[in-house]
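As structure tokens, the structure follows; a few thoughts come after it.
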Amino acid sequence: MISMSYSDRIEIASYEDLEAIQSFLESVDEPTDDIDPDFTRFFIVRDEAQNRIIGCVGLEIFTGRAMLRSFAIDPEYQETEMGSSLVRKLLDDAFDAGSEAVYVCAANAPDFFWNNEFIGIDFDDIPREIRDSGLFTKDCPRVAAFVRKRIL
């Protein structure tokens, strides 16, 4: 296990990072076809020595609510605090934007979110504007775990 703090290594991705983010997400089998760079704000962690992205999470803000999407950690770093650090940064940003809650389709890692104080919810409890987003309509199966964290 690699041990270090990641909070100070988190960057807000620029538009120029989008191609690298999409490549990284594809390498870990995360969907990329509905990412809107004008609507999604990404937070990333880089391996400076290899100049590659090793962790990312995307934030989409809706009216009073937010959606966490495209959350991925390089397999070599999954037993570190990187994931929790990225999610804390995203929650802080969502709070600063006035969101009352953050919603997640946790199809691949529900335990991670439950361990980070998200609660399970029914699909019908997800606000319609989030349910109608490309991620939920195309890439998130109705049988997935859906979670929410209130932040206000």
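Assorted remarks:
- Every pair of residues 6+ apart whose Cβ atoms lie under 8 Å, when the first sits in the stretch 113-140 and is without any contact (Cβ under 8 Å) to a residue 60 or more places away in the chain while the second is hydroxyl-bearing (Ser, Thr, Tyr): Asn116/Ser84; Ile121/Tyr103; Ile126/Tyr103; Arg131/Thr137
- Selection of the stretch 25-84 for residues being closer than 19 Å to Pro110 by Cβ, among the polar types (S, T, N, Q) and part of a helix (DSSP H, G or I) yields only Ser84.
For (1) under 15 Å from the mean Cα position of the chain (by Cα); (2) at pLDDT below 95, each residue gets a yes or a no:
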residue: Arg46; (1), (2): no, no
residue: Ile53; (1), (2): yes, no
residue: Glu60; (1), (2): yes, no
residue: Thr63; (1), (2): no, yes
residue: Leu86; (1), (2): yes, no
residue: Tyr103; (1), (2): yes, no
residue: Asp111; (1), (2): yes, yes
residue: Trp114; (1), (2): yes, yes
residue: Asp122; (1), (2): no, yes
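- Contact annotation: residue pairs with Cβ atoms under 9 Å, 6 or more positions apart or on different chains, pairing a residue in the stretch 73-85 that is more than 14 Å from Phe24 (Cα to Cα) with a partner that is in a helix (DSSP H, G or I) and among the polar types (S, T, N, Q), are Glu81/Ser7; Ser84/Asn115; Ser85/Ser7.
- If the condition is being in contact with a strand residue (DSSP E or B) (Cβ under 7 Å, 6 or more places away or on another chain), more than 17 Å from Tyr77 (Cβ to Cβ) and not polar (S, T, N, Q), then the stretch 14-41 contributes Asp17, Ile35, Phe39, Arg41.
- Residue match in the stretch 6-13 (condition: surrounded by 13 or more Cβ atoms within 10 Å (Cβ to Cβ), in contact with a Pro (Cβ under 8 Å, 6 or more places away or on another chain), in contact (Cβ under 8 Å) with a residue 24 or more places away in the chain and more than 15 Å from Lys149 (Cα to Cα)): no
- If you check Phe24, Phe39 for being closer than 26 Å to Ile130 by Cα, surrounded by 21 or more Cβ atoms within 10 Å (Cβ to Cβ) and of a type in the set (Phe, Trp, Tyr), only one passes: Phe24.
The values are calculated or read from the model by the stated rules, or taken from the named source; none is laboratory data. It should be emphasised that the depicted structure is a prediction, and the values quoted were computed from it without experimental measurement. Virtual Cβ from ideal backbone geometry, glycine too; neighbours counted across all protein chains shown.
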